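Worksheet: one structure, shown below.
The values are calculated or read from the model by the stated rules, or taken from the named source; none is laboratory data. Bear in mind the structure is a predicted one, so any value in this text is a computation, not a measurement. Cβ placement follows ideal geometry from the backbone for every residue including glycine, while neighbour counts extend to all protein chains displayed. These area figures cover heavy atoms from the full protein model, side chains too; ligands, DNA and RNA do not enter into them. Shrake-Rupley method; radii C 1.70, N 1.55, O 1.52, S 1.80 Å.
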Protein chains: 2
Amino acid sequence: MSEDKPVRPNERVAALRPAADASLRFIGEIRTPWSDRALCPRQGSHDGPDCRLVLDPIWQPALEGLIDYPLIEVLYWLDRSRRDLIVQSPKGDGRIIGTFALRSPVRPNPIGTSIVRLMCIEGREVIVRGMDCLDGTPLLDIKPDRRSFTPKAPPKPGVD
Amino acid sequence: MSEDKPVRPNERVAALRPAADASLRFIGEIRTPWSDRALCPRQGSHDGPDCRLVLDPIWQPALEGLIDYPLIEVLYWLDRSRRDLIVQSPKGDGRIIGTFALRSPVRPNPIGTSIVRLMCIEGREVIVRGMDCLDGTPLLDIKPDRRSFTPKAPPKPGVD
């Protein structure tokens with residue numbers, strides 16, 4: 001994970017134990033127009049270009065009902081990010097900010113989250129606008145945006 | 001991951017390869033008032049009880065600057081959820097919905113995401129309102145809510 005790369009002044013690197021607390025299974029990949037980090041937008045726009053969430057065939061039936069949601073949440077794995085920075089200097093000017101006060105891809109568990117606009121679904125491909133990741137980024141999850149979702153299971157006794 | 005439990009009528013289970021595409025490192029744990037699933041709210045409320053994100057000591061300096069954000073995004077690992085359901089019947093009435101059209105904890109990568117209200121920070125503990133997970137849930141990440149965050153790194157040439 002490029003954890004041997006040099007750091008900027010005042011940035012701090014953690015000596016971490018192996019990442020082995022839980023394991024992920026990629027469910028597909030994300031196709032975007034950006035093949036190089038320097039060309040990726042820093043935050044996606046709902047008027048940006050169409051991007052494709054391409055699911056592995058086994059997961060296609062899991063899309064049933066998704067089209068009802070105009071906004072969806074997408075989780076993905078920022079597989080090219082180092083994971084050991086505790087504080088970072090995003091501007092490279094020596095001023096540091098804690099990793100958890102940034103939305104930088106450099107974090108202990110590099111999971112990206114985006115709220116995107118659902119355009120349409122074609123077979124096992126979900127076409128969306130608002131992504132900002134590299135082409136080929138591994139896909140972890142898709143869910144309805146929390147603001148438009150109402151829990152489907154029956155209420156629990158004595159609980160909201 | 002309780003993948004040997006019975007399923008409801010019409011629910012479909014995937015025969016999945018081992019989860020080994022990437023690995024997570026828990027950064028702490030979440031303390032909530034709910035020790036039993038039946039007592040957890042289905043969606044957290046910003047007026048709900050105080051909950052604590054307790055970081056491992058190594059990550060405490062990574063909180064620097066977080067207090068500037070009234071709303072933060074929290075990612076956590078729903079370690080007691082099965083991961084192999086493709087379609088689910090949340091009401092148990094035989095009507096099925098795709099896993100990706102639900103916010104159920106039962107999903108191939110059981111990562112919970114919440115937007116919570118930041119109350120205060122005490123050392124390596126972040127006190128928040130709006131969680132809805134079990135006490136002891138492993139913590140994966142904390143980041144500023146996207147709506148109040150402005151990227152800190154310099155703009156890129158030719159990119160938004």
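For the range A:73-117, what does the alpha-carbon gyration tensor say about shape, rounded, prolate or oblate, given a ≥ b ≥ c as the root eigenvalues, a/c under 1.5 as rounded, and a/b over b/c as prolate? The partial results should precede the final answer.
Values: a/c = 2.67, a/b = 1.82, b/c = 1.47.
Cα axes put the range A:73-117 in the prolate bin.
Sorted shortest first, the distances from the B:P33 label point to those of the same residue in the other copies are 5.0 nm; each point sits 7 Å from Cα along Cα-to-Cβ. Sorted from longest to shortest, the spans of the Cα atoms of the range A:1-73 along the three principal axes equal 47, 33, 20 Å.
Go through the range B:111-149 and flag every residue whose accessible area shrinks by 50 Å² or more with all protein chains in place compared to the isolated chain (probe 1.4 Å). Buried by 50 Å² or more upon assembly, which counts only protein chains, are B:I111, B:T113, B:D141, B:K143, B:R146, B:F149. With all protein chains kept in place, the per residue accessible area of chain B amounts to 44 square angstrom at a probe of 1.4 angstrom. Per the Debye formula on identical point scatterers at the alpha carbon atoms of chain B, with no solvent, log10 I(q)/I(0) at q = 0.18 Å⁻¹ is -1.14. Which one, B:Y76, B:G28, B:G92, projects farthest toward the positive side of the charge dipole computed for chain B from Cβ point charges (K/R +1, D/E -1)? Of the listed residues, the answer is B:G92. Length gained on full extension, A:K91 to A:K156, computed as 0.36 nm times the residue gap minus the Cα-Cα distance: 18.6 nm. About the centre of its Cα atoms, the range A:103-146 shows a dipole size close to 220 debye [charges on the beta carbon of Lys, Arg (+1) and Asp, Glu (-1) only; nearest 20 debye]. Interface burial in the range B:43-88, defined as at least 50 Å² less accessible area with all protein chains than with the chain alone at a 1.4 Å probe, covers B:Q43, B:I58, B:W59, B:P61, B:A62, B:E64, B:I86.
Distances between equivalent label points of B:P6 across the copies, with each point positioned 7 Å along Cα→Cβ, amount to 6.4 nm, shortest listed first.
A simple spin-label model places pseudo-atoms 7 Å from Cα toward Cβ; at A:H46 and B:S23 they are separated by 4.0 nm.
The B-A contact accounts for roughly 7100 square angstrom of buried accessible surface, both chains included, probe 1.4 angstrom. Charged side chains reduced to their Cβ positions (Lys and Arg at +1, Asp and Glu at -1) give the protein assembly as shown a dipole of some 120 debye around its Cα centre. Taken over the alpha carbons of the protein assembly as shown as equal point scatterers, the Debye sum produces base-10 log I(q)/I(0) values at 0.10 Å⁻¹ of -0.56. Using θ = phi - 60° in the Karplus curve 6.51 cos²θ - 1.76 cosθ + 1.60, the 3J(HN,Hα) couplings for the range B:130-144 round to x, 6, 9, 9, 5, 4, x, 4, x, 8, 10, 6, 9, 8, x Hz; x is entered for Gly and Pro. Pairs of alpha carbons in the range A:91-160 separated by more than 13 Å make up 79% of all such pairs.
Using a label position 7 Å from Cα in the Cα→Cβ direction, what is the ascending list of nm distances from B:R82 to the same site in the other copies? Shortest to longest, the spacings are 4.3 nm. Annotation: lysines with alpha-carbon distance below 22 angstrom to B:K5 (same-chain offsets under eight excluded): A:K152, A:K156, B:K91.
Sequence-ordered 3J(HN,Hα) estimates for the range A:118-128 from the Karplus curve with 6.51, -1.76 and 1.60 and θ = phi - 60° stand at 7, 8, 6, 10, 10, x, 9, 10, 9, 9, 9 Hz, glycine and proline given as x. Think of the range A:99-160 as a dipole: +1 on every Lys or Arg Cβ, -1 on every Asp or Glu Cβ, centred on the Cα centre; then among A:P151, A:I121, A:I111, A:P151 lies furthest on the positive end.
About the centre of its Cα atoms, chain B shows a dipole size close to 580 debye [charges on the beta carbon of Lys, Arg (+1) and Asp, Glu (-1) only; nearest 20 debye].
Quick one: compute the contact order of the range A:6-160, relative version, from alpha carbon pairs under 8 angstrom and 6+ residues apart, as a percent. Before the final figure, lay out each step's value.
Numbers: 295 pairs, mean separation 57.7, N = 155.
That works out to 37 percent.
Report in % the part of the accessible area of the protein assembly as shown that belongs to carbon and sulfur, leaving out ligands and nucleic acids; probe 1.4 Å.
Numbers: 7060 of 14180 Å².
The computed percentage sits at 50.
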